[in-house]
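The values are calculated or read from the model by the stated rules, or taken from the named source; none is laboratory data. Quick caveat, the model's predicted, so the values are computed rather than measured. FYI the Cβ positions are ideal-geometry reconstructions off the backbone, even for glycines, and counts take in every protein chain you see.
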């Protein structure tokens with residue numbers, strides 16, 4: 001009887017071992033979905049105007065799969081002039097996230113206004129380039145005005161004295177500015193701000209003069 005009990009005991013252990021799940025770690029290749037936005041990347045609307053309808057699709061070319069896109073329009077406010085950034089985001093089955101940014105300027109500046117061109121930072125003589133991408137919406141190829149860390153960014157012109165960067169993701173992290181100013185004196189267009197971005201002094205006034 002004792003011998004039979006021992007046999008039954010080991011048989012039970014064997015059955016339990018057979019039922020135990022084995023967890024094996026899996027190595028996956030890092031691949032990020034490419035997010036494609038339907039329509040323009042840049043919008044400009046008058047205050048109180050109709051907000052754009054933004055949609056998009058995403059595809060992971062490595063895993064050959066489409067991924068769902070989420071778009072958060074809650075930050076848009078057509079009643080308040082400013083620059084608003086909408087992010088379209090897609091996550092693949094392994095958790096890797098791809099994004100695309102859409103820039104919306106809410107401004108009443110005239111369509112004939114254009115402050116694009118070459119600017120020089122007065123503190124160090126560094127040259128930056130400003131490009132108009134939509135009415136009142138501009139791209140600067142070097143928001144810091146320095147050769148040590150080059151970070152592109154966007155800003156909106158709200159009126160003859162005010163520009164706005166909003167809160168925007170950049171290659172250097174999340175960017176905001178303080179005390180932004182614009183001067184449109186004929187032949188002497190300038191803009192300035194203090195930059196809040198990792199790697200830059202938040203106390204330095206960055207003043208740019210059109211050449």
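Select from the stretch 179-203 the residues that are loosely packed, with under 15 Cβ neighbours inside 10 Å and in contact (Cβ under 8 Å) with a residue 40 or more places away in the chain and list them in ascending order. The one that is loosely packed, with under 15 Cβ neighbours inside 10 Å and in contact (Cβ under 8 Å) with a residue 40 or more places away in the chain: 199. Considering the stretch 92-109, and only residues there that are in contact (Cβ under 8 Å) with a residue 24 or more places away in the chain and part of a loop (DSSP other than H, G, I, E, B), the residue that is surrounded by the fewest Cβ atoms within 10 Å (Cβ to Cβ) turns out to be 93. Only a single criterion out of (1) under 19 Å from the mean Cα position of the chain (by Cα); (2) within 30 Å of residue 62 (Cβ to Cβ) is not satisfied by residue 94, namely (1).
The residues of the stretch 185-209 that are more than 22 Å from the chain's Cα centre (by Cα) and either modelled with pLDDT under 95 or part of a loop (DSSP other than H, G, I, E, B) (or both), listed by number, are 185, 186, 187, 188, 203, 204.
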